[in-house]
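The values are calculated or read from the model by the stated rules, or taken from the named source; none is laboratory data. Computed from a predicted structure; not experimentally measured. Every residue, glycine among them, receives a Cβ derived from its backbone with ideal geometry; neighbour counts consider all protein chains shown. What goes into the accessible areas is simple: the full protein's heavy atoms, side chains included, and nothing from ligands, DNA or RNA. Shrake-Rupley method; radii C 1.70, N 1.55, O 1.52, S 1.80 Å.
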Amino acid sequence: MQRVIFITTRDHANGLEQSIIVLKGIGKKLSERFAKRSLFSLNDLLFHLPIRYQDKTKVVNIAHLQVGHSALFTGELLECQVQTLRRTVLSCVINDGTGVINVRFFHFNSAQAKSLINATEQGRWLSCFADIKRGRNSLEVIHPEYHIINDDYTIPIDNSLTPVYPTTEGLSQGVLRNTIKQALNYLERAVIDDYLPFAIREELKLPSLNETLNYLHHPPPDSSAFELHSDQNHYRQRLVLEELLAHQLSMKCAYQKKKQLYSYSLSIRNHPDSYCAKFLKQLPFQLTQAQQRVIADIAEDLTVSHPMQRLVQGDVGSGKTMVAVLAALYAIENGFQVALMAPTELLAEQHYNNFQQWLEVLNLQVAWLSGQCKVKQRREALQCIADGSANMVIGTHALFQEKVVFHHLGLVIIDEQHRFGVHQRFALIQKGIKKETDKEYYPHQLSMTATPIPRTLAMTAYADLDCSVIDELPPGRTPVETVVIGEHRRNEVLERVHQACLTGRQAYWVCTLIEESELLQCQAAEETYKILQEAFPNLAIGLVHGRMKNDEKQAIMNAFKAGELLLLIATTVIEVGVDVPNASVMIIENAERLGLSQLHQLRGRVGRGSQSSACILMYSHPLSKNGKARLMILRGTNDGFIVAQKDLELRGAGELMGTRQTGLAEMKIADLMRDQHLIPKIDKLAQCLMQEYPDNIEPIINRWIGKKMEYYSL
Ligand code: ADP
Ligand code: MG
């Protein structure tokens, strides 16, 4: 039955698409203020949900009032006077037989004072609605909504809770309530399109959308405000589910759309003469099981004539670069060029050095492109890229600049993909699109990330990608021992580092400040560098920070890698990717100021060799309880997934790296933190809708996400 209604209202005959202008009291000016909150149609109003509720459905005895809650109460006016102490106050006392409470006004006019004083003389009662506060001698309320109860006046008791809506300047609660109420009246005549099919609703025991909206805007008196926000409230739960579903569907649709594009299918041969076989043969170690599994996933993707869109997730140090080389060699073997983009100069150059060594042996050529390339160097690189003599191009953001033209780009690899925006990634992909007769061919795409977001979140944040996880570290690693130490023990730390370096170990000393100020961070690093140089004149110390020229930076990194420098003072420029296996000690200053994921990434610079490593998290005083709890998490685990999960719990989803770009952080009612347990269910639901109710998909996405989230075709 419900299904039939649902189908007949599909063409928006219910009128809810109309502009809010049709409502009483809404003119052009007011509608513009609504527009500021993205409220255009009646539908939009219906989905503008209360953030909390006021209970004016019952009168509470003064004796039962609770501090911190708002309530409706009445009482006989016992006293009323204007007092001038430090400031002028209109102060009343009322009594309902169960207790007394003070009612105070700091802003009032003389007419107001007069009427209240008169009412007191006549022994009248007052009804108030306000937040209850603890006063000096008794309970009190300040500036309540109030009415003097006359003979012909009855106390206004509502028959549902009063919604409090999120608002903006120029849009009062009164106006919002009135307008939304009018929109709700439409629901009595029309059935709102319910895109959650009846069968699914019934199975999950979820109420209809009509019921849900009426309930959430005007809950009945017996529903406590607490219940309304709890997980147990199935009206709220229904909408949360629908919103998460909308996001999941929009990601899945983007995925499907991309899967319909064309790519060149590669042939993968395991011939002993193949580049891969030759490369693996000279490698001093065996690939881990996890690496092999992920490479097999990639090989399979590459043989298909649609673009690969795979994300490789793997904790710091899990060996993602190996996966990148092999993927690159597959493409090169098939006569294609490969582009590898990394977010920092330092990391890009490290990749360049490595790949050059690996590919040189195979007689392959690697080009280098960064923002800091000299004119001549750059011209030569561009030439090799354009004429195809470069088999591989490695660089930073410089790779997708206008002048870069590829000869035959077949694979794009993006390292630390969370550091790039959607536009940037697409700009590079676009360079590989090739038109041939009637078809457009897209390059294959491989992304790598070391910032593991919790598994449940990954299910939705990366729903537009295929994911492979490297869930195993190369053998022989000893876990990094992490200690948390206060700034006051700096001298001890210095001595410890000194000792470690004297025994030939290498150490990073990371100077962090607020991330936004690179200049200050560099100054702090320079300062520390001077101090340490003076303290340990016999130690070979280097300095690297973001404001140095690229050549200088690279020279220092090379010297550190070669073991000529034992102690490296650095800013967070070394956060991603940098790989110096012999470094086994890391000190991070002001650790409390960084996010957990960032600290985990930094810490990942040590523990790469076979010797035991230590990471010292130094904090400055005073350290908040929460700050301490965060650092303790790092002390407790080396597993990036656990760190990410705890980070989510402590900071909420909005702050989590990687979710920001996907739009997941901007949800209307769902909260990824609170509602993450629903995500596996959502994934199943999304699949069900795509198979059985494909017509519902677009409207559900439009309702919750609208045109806000734009997806590129790849
Ligand atoms: P990440 O996943 O953080 O990018 P890298 O690719 O930089 O990690 O690898 C970290 C280190 O581990 C490198 O020094 C690399 O040579 C080494 N490595 C990678 N795979 C293996 C393996 N299967 N066995 C031993 N060492 C490996
Ligand atoms: Mg890496």
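Some observations on this one:
- Condition met for N178 (in contact (Cβ under 8 Å) with a residue 60 or more places away in the chain, surrounded by fewer than 18 Cβ atoms within 10 Å (Cβ to Cβ) and assigned to a helix (DSSP H, G or I)): yes
- Looking across region 1-53, the residues that are at pLDDT 85 or above, outside any helix (DSSP H, G or I) and open to solvent by less than 30 Å² (accessible area, probe 1.4 Å) come down to L23, I26, L39, S41, F47, H48, L49, P50, Y53.
- Total residues in region 306-318 satisfying the condition of being open to solvent by 10 Å² or more (accessible area, probe 1.4 Å) and over 11 Å from A450 (Cβ atoms): the figure is 2.
- Any pair with Cβ under 6 angstrom, 6 or more apart, that starts in region 667-688 at a residue that is closer than 11 Å to L241 by Cα and of a type in the set (G, A, S) and ends at one that is open to solvent by 30 Å² or more (accessible area, probe 1.4 Å) and at pLDDT 85 or above: A686/K252
- Within region 432-459, the residues that satisfy the criterion of being within 16 Å of ligand 2 (Cβ to nearest atom), part of a strand (DSSP E or B) and among the polar types (S, T, N, Q) are S447, T449.
- Remark: Y508 falls outside the filter, which requires a residue to be modelled with pLDDT of 90 or more and touching a Phe, Trp or Tyr at 6+ places or on another chain (Cβ under 8 Å).
- Which listed residue, of G75, G123, G97, is small (G, A, S), open to solvent by 70 Å² or more (accessible area, probe 1.4 Å) and over 46 Å from the mean Cα position of the chain (by Cα): G97
- Checked against the criterion of being open to solvent by 20 Å² or more (accessible area, probe 1.4 Å), over 30 Å from G609 (Cβ atoms) and more than 16 Å from ligand 1 (Cβ to nearest atom), the candidates V422, V483 yield just one match: V422.
- Qualifying residue in region 303-314 (condition: among the hydroxyl-bearing types (S, T, Y) and within 24 Å of F420 (Cα to Cα)): no
- Of the residues V375, V366, V422, the single one that is within 30 Å of Q286 (Cβ to Cβ) and away from ligand 2 (no atom under 16 Å from the Cβ) is V366.
- Output for region 347-395, where each listed residue is closer than 22 Å to V544 by Cα and open to solvent by 10 Å² or more (accessible area, probe 1.4 Å): E349, Q350, Y352, N353, N354, W368, G371, Q372, C373, K374
- Check on S597, more than 16 Å from ligand 2 (Cβ to nearest atom) and either open to solvent by 10 Å² or more (accessible area, probe 1.4 Å) or out of contact with any helix residue (DSSP H, G or I) (no Cβ under 6 Å at 6 or more places or on another chain) (or both): no
- A246 being more than 16 Å from ligand 1 (Cβ to nearest atom), open to solvent by less than 20 Å² (accessible area, probe 1.4 Å), more than 29 Å from R605 (Cα to Cα) and touching a Lys or Arg at 6+ places or on another chain (Cβ under 8 Å): yes
- Residue list for region 278-310, filter: away from ligand 1 (no atom under 14 Å from the Cβ), farther than 20 Å from Y462 by Cα and either in contact with a Leu (Cβ under 7 Å, 6 or more places away or on another chain) or not assigned by TED's automatic domain parsing to the domain that holds Q417 (or both): K278, T303
- Boolean, M667 is modelled with pLDDT of 90 or more and surrounded by 14 or more Cβ atoms within 10 Å (Cβ to Cβ): no
- Restricting S263, S318, S224, S230 to those that are at pLDDT below 90 and either within 27 Å of the chain's Cα centre (by Cα) or within 18 Å of S447 (Cα to Cα) (or both) reduces the list to S230.
- You will find that of S610, S624, the residue that is within 23 Å of L567 (Cα to Cα), at pLDDT below 90, more than 16 Å from ligand 2 (Cβ to nearest atom) and among the small types (G, A, S) is S610 and no other.
- Residues that are surrounded by 20 or more Cβ atoms within 10 Å (Cβ to Cβ) and within 16 Å of ligand 1 (Cβ to nearest atom) were ranked within region 531-571; the one that is nearest to E416 (Cα to Cα) is M557.
- Matching residues, region 580-606, being away from ligand 1 (no atom under 16 Å from the Cβ), assigned to a loop (DSSP other than H, G, I, E, B) and out of contact with any Asp or Glu (no Cβ under 9 Å at 6 or more places or on another chain): none
- Residue in region 374-381 that is farther than 25 Å from G317 by Cβ, among the hydrophobic types (A, V, I, L, M, F, W, C), outside the structural domain of Q554 (by TED's automatic domain parsing) and assigned to a helix (DSSP H, G or I) present: yes
- Candidate set from region 294-305 (those that are among the aliphatic types (A, V, I, L, M) and within 27 Å of V643 (Cα to Cα)); member that is surrounded by the most Cβ atoms within 10 Å (Cβ to Cβ): V294
- Apart from one condition, D464 fits all of (1) more than 17 Å from the chain's Cα centre (by Cα); (2) over 23 Å from N638 (Cα atoms); the exception is (1).
- Scanning region 639-655 for any residue that is over 27 Å from S447 (Cβ atoms), modelled with pLDDT of 80 or more and aliphatic (A, V, I, L, M) turns up nothing.
- Across region 321-360, the number of residues qualifying as away from ligand 1 (no atom under 16 Å from the Cβ) and more than 28 Å from the chain's Cα centre (by Cα) comes to 10.
- So Y619, is it closer than 30 Å to R489 by Cα, among the aromatic types (F, W, Y) and modelled with pLDDT of 85 or more: yes
- Within region 460-478, the set of residues being within 16 Å of ligand 1 (Cβ to nearest atom) and outside any loop (DSSP other than H, G, I, E, B) comprises C467, S468, V469, I470.
- Looking only at residues of region 286-328 that are part of a loop (DSSP other than H, G, I, E, B) and near ligand 2 (Cβ under 10 Å from one of its atoms), we find that the one that is nearest to R269 (Cα to Cα) is G319.
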